[in-house]
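Step one of this worksheet: look at the structure below.
The values are calculated or read from the model by the stated rules, or taken from the named source; none is laboratory data. Because the structure is predicted, anything quoted here is derived from the model rather than measured. Cβ placement follows ideal geometry from the backbone for every residue including glycine, while neighbour counts extend to all protein chains displayed. The protein model used for the area step is the full one, side chains on, heavy atoms only, and it has no ligands, DNA or RNA in it. Shrake-Rupley method; radii C 1.70, N 1.55, O 1.52, S 1.80 Å.
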There are 2 protein chains.
Amino acid sequence: MFSDFSTLEPSGPQRGRMTLAKSNSHESKTPEFEPFKGAQPRAPTTQALSVLGVDMYMTDNKKAHNTSKYKNSNLIVRRNQEFIMIINFNRPLNDQQDNVHLEFMIGDAPDEYKDTYIIVSIGKENRDGNWSGRVIGMQGNEVMVGITTDASCIIGRFRTFVAVITDFGRQRTPRNPDTDFYVLFNPWDPKDVVYMAKDTDRQEYVMNDVGIIYNGDFNNITSRAWNFGQFEKGVLDACLLVLDAGKVPLLYRGNAIEVVRQGSALINSQDDDGVLVGNWSGDYSTGTAPTAWTGSPEILLKYARDGCVPVCFAQCWVFAGVLNTFVRCLGIPGRVISNYCSAHDNTGNLKTDIILDEDGRVNRSRTKDSVWNYHSWNEVYMKRPDLPEKFSGWQVIDCTPQETSDGLYRCGPTSVNAIKEGELSYPFDARFVFAELNSDVVYHQSDKYGNTKIVFVDTTYVGKLLITKRVNSNAYEDITSAYKHPEGSDKDKQAMQMAENRGVPSRNYTKPPEAGVDIELQAGTIKIGDNFKLTLNIKNQTSQTCTLSAIITGCVVYYTGITSSIFKLDNKAATVGPWKTSSVVIDVTASEYMPYRVEQSNLLFVVYGSIEETDKTLSTMRIVSLLPPDLTIKVTGTPRFGRDFMVTVSFQNPFDFILKNIQLRLESPGLITTKMKTYDHIAPGGSLQYTEMITPQHPGKKMLIACLDCPTVRQVTSQLEIFVQ
Amino acid sequence: MFSDFSTLEPSGPQRGRMTLAKSNSHESKTPEFEPFKGAQPRAPTTQALSVLGVDMYMTDNKKAHNTSKYKNSNLIVRRNQEFIMIINFNRPLNDQQDNVHLEFMIGDAPDEYKDTYIIVSIGKENRDGNWSGRVIGMQGNEVMVGITTDASCIIGRFRTFVAVITDFGRQRTPRNPDTDFYVLFNPWDPKDVVYMAKDTDRQEYVMNDVGIIYNGDFNNITSRAWNFGQFEKGVLDACLLVLDAGKVPLLYRGNAIEVVRQGSALINSQDDDGVLVGNWSGDYSTGTAPTAWTGSPEILLKYARDGCVPVCFAQCWVFAGVLNTFVRCLGIPGRVISNYCSAHDNTGNLKTDIILDEDGRVNRSRTKDSVWNYHSWNEVYMKRPDLPEKFSGWQVIDCTPQETSDGLYRCGPTSVNAIKEGELSYPFDARFVFAELNSDVVYHQSDKYGNTKIVFVDTTYVGKLLITKRVNSNAYEDITSAYKHPEGSDKDKQAMQMAENRGVPSRNYTKPPEAGVDIELQAGTIKIGDNFKLTLNIKNQTSQTCTLSAIITGCVVYYTGITSSIFKLDNKAATVGPWKTSSVVIDVTASEYMPYRVEQSNLLFVVYGSIEETDKTLSTMRIVSLLPPDLTIKVTGTPRFGRDFMVTVSFQNPFDFILKNIQLRLESPGLITTKMKTYDHIAPGGSLQYTEMITPQHPGKKMLIACLDCPTVRQVTSQLEIFVQ
C-alpha cells in the first residue's frame, strides 16, 4: 500500500538530504506520453488534437531580441521580452475546449519549483506562472503564440515541448533540438537587473565584439586591440559550458550577481579547472605565451573542444579579455579597465613596503609587496538588489588569480560607488580593490643590525589613473574620478575615514620629517634596444642650500612589479641652492639592461637620497616600459562585401640577435577567425611578410588585429580599422 | 657584482609573484649566529654578554592569563596582556651598553613585515613595534622582563629566542621547545575584538568545558550533555592543526572574523578534508554514529592522531559541539544554539514547499524543501570592525554542511542583530540564516494533470524557538527575541520590508482565502514503542456549521525533515457547529511505525483538510519525536579529591527485539577521558551494567556524560552532575 510513496530513495551518505540540478549540458529523458493516474487509454470520442510542427520564428525573433549577430542556428532571446512561436496542429485549436501546454525545460532534473520546468498554457486552462503566453492569432491549423520569459529567468539553453492534455494523459511532441532556444540577460529591458538606458552604451558594452585593452605604463600608455568575439560560432555554448564545468547550480543562473562572481572564479583555472592558466614565469614553452593571443574565441573554443581542460597561458589582460567576452555573450554589459600603478598588497595592510639596504640599494629578498605597472580588470553594469540602491551601476570583477577571495581565486562584484566612498562592508571584495587603488608606498631602510625604519612615504604613487575604451571610439576615457575623489579633497578624507570605520587599518604610522626637497625621475619614449637618459629633477623648497647624495637602483621587473635582476647601481650627487631646481642625468645603455630583460621589458628605477645638511631622506621610483618594435598591417584593394582583398602583415627584426620560435596571429571578428603562422627564426635585420586573402561576408566597420610573439620579444601588436563596403 | 641581489629567485609558473607563509606546524631553521656584513669575528675586548637560561614563569603567567586549566606543558598567554620572562645572563645586564633582542617567531618564514617575526629590545636600543617589552627588575645576573603582545596579534604557537647584538653579529639562544608559548584571543581585554564585559559570561562562554545541546522537537524539548573539553591535553594543538591543515595563512590568524569563518569551513570535511564527515544516511557502520559521541576531544584528538583524516560521522549537534570547542579553546566566546523548526530552503525563495497529491497525501518525490526538527548552530561574541557598530555582538556561525556559502561549505559569521533587522547585505550568509528562521511553509496541491495550486500558507511554523544553555545553569534560555521581533509587530513588518529591500524575494504570493477554521495536531510525550493517540483539534471561527474532511499522512522523517517512508494514511471527518471547537482522535500503533523507524525516531504527520460547505482548504503538520529508553548513571561512594569512587551506567532493553552492536561511552571533562565499551547484543528485556573506578585529580563540580548507541536505537543519553570534595 505504501510502496509507491517510498520511491526516489536518495542513497549515499547524504541520504535524508537533497541536492540541486547543476548542469545545462545534461538533460532529462522526457516521455512522449504520460498517462494520468487511474486513466485507461481508450479510443478518443472526438478527433484528438495533435501537433504537426513547431516553428521558432527565428529571423524576426532574433532581430527583435538583438541577437541576430550570434552565429548560432538556434533561437536566442532575451529575458522579459515576448518571442513568437508558430504551432501547426492537425486541426484548428479550440481554445474553449482544447488544453495545450507549452513546456520549457532546462537541465537534467526539470522541476516546476526550481524554475527549470516551465509550463505555459494556451488552451482552456488558466495558469499562473512566471512566464506568460498568449495566442496572438490563428490561421487554419496554425496558431501564433507569444511567450514572455520573466525578468529574472534562468539563462541558458532551454528545450521546447508542446503537450496536448487529454483526460487520459499528456501527449508531448518528441524531443527536437531545432526548437531549443537560449535565454540571455536583457540590457534593453528596464525590469532586468542589467538594464542599461542609453542605446550607444549598449552598442559598446554589449554589442561591440572588438575592443582596446590599455597597457604600458602611466607615463607611456600603450594599447592592443582584442577580439572579444562573443558572437562567434560556438562561443555562447562555450560560455554556458564554463558554468556547467564549474558546477554552478541552474537555480543561480538567473542571478546576474552570481553569474559574474562565478565567472570571475571560473575564467581562471585555480580551484576549479577553469578556462585559463595564469603564468608569469617567462617560460611559456608548454603553451601559448600570454602576449601571443589576439582574442577570446580561440581560447574559449579550445577550452570547449578539449573537454574543459584549462588553456595555457594567461596574464591579466587575457583574463580580462575572456571575462569580458563571457559577460557580453550572456547579455551583461561589461568593459575592460586598466589601473596604472596597481598595488598588490599581499599583507592587507594598505601599504606597499619597499625595503632598502643600509647603502640605499633595493633589498630584493625582503621586498615582497609589489606595484603592478598596470593591472586590467573588468566592470559589469547592473542593479544590486542585495545592497542599498546607491551601489547599483558599474561593479568591479576580476578573474586574474591574485589573492583568494573568501577561499577561492576570484574577485567581485564590488560596487565602484562603494569603493569611492570607502563603504567597504558590502560584498564582495571591496577591501582588496580599495587597496589596489589607495595603498601607500612606504620606503624602509635597514641598518646593519637588520633593524628597519621608514625613510619615505609616497601617498600618490598607487592608483594614478584608471582608463577604459571610450564608447564608439578607440580613444580612452579617464574614469579615475569614478573610483576616487580628488587626492586631498574633503570628500577624499571622508572616504578614507569611512574606510577606517569599516576596518581598514589606519595609516597614521610615524612618518619621517619632510625633507623639503622633492625628487622625480623623468624619461622619454624608449624602444627596446635604445640607449637612453633618465633625468633626476631635484626641487629644493627650503631656504637652505641642499646637497643631495642619491643612489639609483635599476631593476628589470615583470609587469606585476616583482623585480627580476638588478642591472644597474649608480651614485649621483648635486648641490641645489635655496628655492632652486636642478637636475642630474643618468645614462642607461642597452648593453646594461638587454642581457637581463624579461617579458614585457619593464625597467624599474628606485632612487634613495639623503640631504647632507639635514640628514633627511627621500625616495622615488619610476617604471620605464620599453616599446617593442613595429608590426605593420597593410590592405591591398578595397574591402567590399563578397569580393576578395588582401591583408599583409610585415615585421623587421631591428635587433642584432636572431629571433626564434615566432608566432604570428591575425584575426578580425566577423571577418576571419584566428589565423596563426609560426616561423622558425628571423635573422638580425631580416624581415617577414604574411599575406591573407579575405572575402568579407558582411559589410561595415571591421578591425584587423595582428600580434607577433617570440620568447625574446613580446607584445608586438598592431591593429587596423577598415570599412567593408 | 649583482649576483647577491638576484638570489631567492622564485620558480615555477607563479614566478614573478609571491606567496604567504601558511602553517604553524612548520618552522624555519634559525641560525645561532648571524654575522653582520663586513664584520670579521674576533676576540671580544670586554666580557661578552651571553644567555644561560630563559624561564617562561609558567605558573604565575598562566594564572594571570586565565589559562591554568589547559593541560599543556607550555606557556599560554592571551593577547595584549603582559607576561613575565626571566632571563639569566652570564653577568649583570648593562642596559646603557648591552643590546639584547627578544625574538618571537611563528611559521616557516618569519618576517617582520608579516607579523610573524617580532623583535622586542630590552637593552640600549629604542625600538618601536607592535609588541612591547620592559625590564621589570634585575637581580644579579637575572633580568625579569615583561612582554605585551598586541591586541590584534596572530594567535598560535610562537618560538622564543634571546639574541645578544654585538658589533660583529647576532648571537642567539639555541632553539628550545620549552620556551615556546601560545598566544590566544583575550575576552578579558577591552581592546581585543572578542572582549566580553561580564565575568559570569566569560566563565560560561570561554571557560566552561561542558555544556548542554538541546534536541527533540518544539513540543518536546530534550537535551544531551556535551563535553567541549577545550582544556584537555592535545586539544589546543589539534585546533591549531585544523587551521594548518586548512592552509589558513598565518597573517589572517589574528583576525577573529577570519578564524571563525575558516573554522566553520574546516570543522566539516567538505571541500577541504576538514574534521568531520557529515552523514545522514542511517548507515554509520564505517565509523561512529553521530548519536554515539559524547564530546569533542575524542573527535579532535582522533583527527590529529590520524594525520588530518576526516573523522566519521557527524550531524548538526556534533558539528556544533566541536566548533564550540574550537572557538572556546582559541579564546573566542562561543555557545551552541538550537533553532526549532529550522527551514532548509534549498531554493533560496524563503518558502518551504509541501506538495500534496490530488487526494491530499504528501507527494514525497516532489517535496524537496525540508524543515529540520531542530538545527543546532553556534554563536560567537565579537566586535565587527568591518561593519557598522550596531552589528557587533553575537554572530552566527554554522559548520554543518547544508549549502555552500560562496562556493564552500561554511556559514557566517553573520550578525544576529542584522538578522533581526532584516539588514541582509552584510557579510557573511545573512540571507541563509534569515531563511532558516523566517521561511513560510506553503502547501500546494496538484490536480490529476500535475498542475498545482497553493492550498494553505503557514507563516508561523518555522523558527518557532531559539534556545541555548543559560549562564551558570543547566536550564535553557529563550533567545528567540534576539533573532526576531514579535510576529506581526510593526518592527517585525519593518524588518521583513528591509529584507525585501535587500533582495529577499517578496512573499506576496496569491494566498487562498482563509477557511475561518483552525486545525492543530496535539500529542503527548511518547516513548519509542508506545501506541499513542494524536488529537486533531478543530476550531470553527465562522457563524456556519463546518464539515471537515481530513486526510492524515504519517511519515517517518529524519531530523532534517526529509521524509523516509510513509507508514500511515487515515481519513477523518467531523462536523463542528458555529464558533465551536471539536476534536478527533487518531490512533497510532507501534506496529504501524516500528518497522519504518529511522535514526532518531521522528514521525511527521501532515493533515490536509477541506470544508464541505465552503470548499476551502487548510493544512497543518506536526513532528512527534519519540523518546528513547532510559540510561542510568549511579555514583557509589562520595567523590573526593584523590580518593576512589565508582560510577555505574545501566540500561535495560525495553523492546521485544534484540539490540546489536552496542557502543557505550562514559566521559567527564577534567575527571576522566572518554571510556568506550562495546557489547555484542542485549536480548529483549535484558540489561547491561558498566562500572568504572574514578580517582579525582581536582575538586569542584563535574559532569558525568554517558551515551548508549546501536543501529536500531539512538540518542540514549544521560548526564549526572557531581561535586568532588
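In straight-distance terms, cross-link reach from A:K580 covers every one of the aspartates and glutamates whose alpha-carbon lies under 14 Å from its own, apart from those fewer than eight places away in the same chain; here that gives A:D518. For chain B, the longest principal axis of the C-alpha atoms and the axis of helix B:296-305 are separated by about 50°. For peptide B:279-286, the mean count of partner chain Cβ atoms within 10 Å of a residue's Cβ comes to 4. Give the calculated FRET efficiency between A:R470 and A:Y690 to the nearest 0.05, with a Förster radius of 25 Å applied to their Cβ-Cβ distance. The calculated FRET efficiency here is 0.20.
B:E692 label point (Cα plus 7 Å toward Cβ) to equivalent points in the other copies: 7.7 nm, shortest first. Which residues of the stretch B:435-462 show a drop of at least 30 Å² in accessible area when all protein chains are present, compared with their chain alone (probe radius 1.4 Å, heavy atoms only, ligands and nucleic acids excluded)? Checking the loss per residue gives B:K448, B:Y449, B:N451. The residue list A:I84, A:P595, A:Y381 was ranked by how far each Cα lies along the charge dipole of the protein assembly as shown toward its positive end, using unit charges on Cβ atoms, and A:P595 comes out on top. Rounded to the nearest 0.05, what FRET efficiency do B:I658 and B:S583 have when you use their Cβ-Cβ distance and R0 = 51 Å? E between B:I658 and B:S583, to the nearest 0.05, is 0.85.
With both bridge residues required to lie in the stretch B:555-680, what share of the DSSP beta bridges run antiparallel, to the nearest 5%?
Of those bridges, close to 100 percent are antiparallel.
Helix A:490-501 and the longest principal axis of the Cα set of chain A meet at an angle near 70°. Note on the stretch A:199-502: dipole from Cβ charges, positive end direction compared against A:L424, A:A265, A:C329; the farthest Cα belongs to A:C329. Helix A:235-245 and the long axis of chain A differ in direction by around 90°, with both axes built from C-alpha atoms. For the stretch B:517-627, the residue among B:S549, B:Y608, B:W579 whose Cα projects farthest onto the positive side of the dipole built from Cβ charges is B:W579.
Under 5 Å from the amide H of A:A314 lie the amide H atoms of A:V277, A:G278, A:N279, each residue being 5 or more positions distant or on a separate chain, with H modelled from the backbone and absent for Pro and chain starts. Considering helices alone, the calculated mean residue ellipticity of chain A at 222 nm is -3500 deg cm²/dmol, with DSSP H runs of length four and up weighted by -39500 (n - 2.57) and normalised per residue. Structure note, pairs A:K198/A:K634; A:K368/A:K420; B:K29/B:K124: Cα-Cα distances above 30 angstrom occur for A:K198/A:K634.
Here the 3J(HN,Hα) profile of the stretch B:521-533, calculated from phi with Karplus coefficients 6.51, -1.76 and 1.60 at θ = phi - 60°, is 9, 10, 8, x, 8, 10, 9, 3, x, 6, 7, 8, 10 Hz, Gly and Pro shown as x.
When the dipole is taken about the Cα centre of the protein assembly as shown, and only Lys, Arg (+1) and Asp, Glu (-1) are charged at their Cβ, what size is it in debye, to the nearest 20? List each step's numbers first, then the result.
Values: 150 positive and 166 negative charges, 52 e Å.
Here the size comes out at about 240 debye.
Close amide H partners of A:E520, meaning residues 5 or more places away or on another chain with modelled amide H under 5 Å apart, are A:N537.
A Cβ-based charge dipole, computed about the Cα centre of chain B with Lys and Arg at +1 and Asp and Glu at -1, lands at about 880 debye.
What the phi angles of the stretch B:102-113 give under the Karplus curve with 6.51, -1.76 and 1.60, with θ = phi - 60°, is a coupling list of 8, 10, 10, 10, 9, x, 9, 9, x, 8, 4, 7 Hz, glycine and proline written as x.
Please label the shape of the stretch A:71-120 as rounded, prolate or oblate, based on the square roots a ≥ b ≥ c of the eigenvalues of the alpha-carbon gyration tensor (a/c under 1.5 means rounded; beyond that, a/b larger than b/c means prolate, else oblate). Don't skip to the end; give the middle numbers.
Values: a/c = 2.15, a/b = 1.31, b/c = 1.63.
Oblate is the answer for the stretch A:71-120, as a/c is 1.5 or above yet b/c matches or exceeds a/b.
Proximity of backbone amide H atoms, modeled 1.01 Å from N, is registered between A:R170 and A:E34, A:F36 at under 5 Å, excluding neighbours fewer than 5 places apart on the same chain. B:K568 contributes about 20 Å² of solvent-accessible surface, heavy atoms of the protein only, 1.4 Å probe. Please work out whether the protein assembly as shown counts as rounded, prolate or oblate from its C-alpha gyration tensor, where a ≥ b ≥ c are the square roots of the eigenvalues and a/c under 1.5 means rounded, while otherwise a/b larger than b/c means prolate and anything else oblate? Because a/c hits 1.5 or more and a/b fails to exceed b/c, the protein assembly as shown counts as oblate. One chain, two ends: A:E358 and A:E592. Fully extended at 0.36 nm per residue, the span grows by 81.8 nm beyond their Cα-Cα distance.
By its C-alpha gyration tensor, with a ≥ b ≥ c as the square roots of the eigenvalues, how is the stretch B:441-579 shaped: rounded for a/c under 1.5, else prolate for a/b larger than b/c, else oblate? Judged from the Cα gyration tensor, the stretch B:441-579 comes out oblate (a/c at least 1.5, b/c at or above a/b). Rounded to the nearest 20 debye, the dipole size of the stretch A:441-484 about its Cα centre is 40 debye, using +1 on the Cβ of Lys and Arg and -1 on the Cβ of Asp and Glu.
Take each residue in B:266-278, count the other chain C-beta atoms within 10 Å of its C-beta, and the mean is 1. Here the calculated FRET efficiency for B:D273 and B:A683, from their Cβ-Cβ distance with R0 = 35 Å, stands at 0.25, rounded to the nearest 0.05.
If you count only protein heavy atoms with a 1.4 Å probe, what accessible area per residue comes out for the stretch A:624-704, rounded to a whole Å²?
50
Each copy carries a label point for B:E612 at 7 Å from Cα toward Cβ; from one copy, the others' points are 11.4 nm away, ordered from shortest.
Beta bridges per DSSP, both residues in chain B: antiparallel share near 90 percent. Relative to the current alpha-carbon distance between A:S28 and A:N90, full extension at 0.36 nm per residue lengthens the span by 19.6 nm.
Only protein heavy atoms count here; on that basis, with a 1.4 Å probe, B:C707 has an accessible area of about 0 Å². Chain B contacts chain A over a buried accessible area of about 7100 Å², both sides summed; the probe is 1.4 Å and only protein chains count. Sorting A:436-442, A:667-673, B:372-378 by average packing, meaning the other beta carbons within 10 Å per residue, from highest down gives B:372-378, A:436-442, A:667-673. Distances between copies of A:L465, taken at a point 7 Å out from Cα along the Cα→Cβ vector and listed shortest first: 6.7 nm. Here the Karplus curve 6.51 cos²θ - 1.76 cosθ + 1.60, taken at θ = phi - 60°, turns the phi angles of the stretch B:394-399 into couplings of 5, 10, 7, 10, 8, 9 Hz, with x standing for Gly and Pro.
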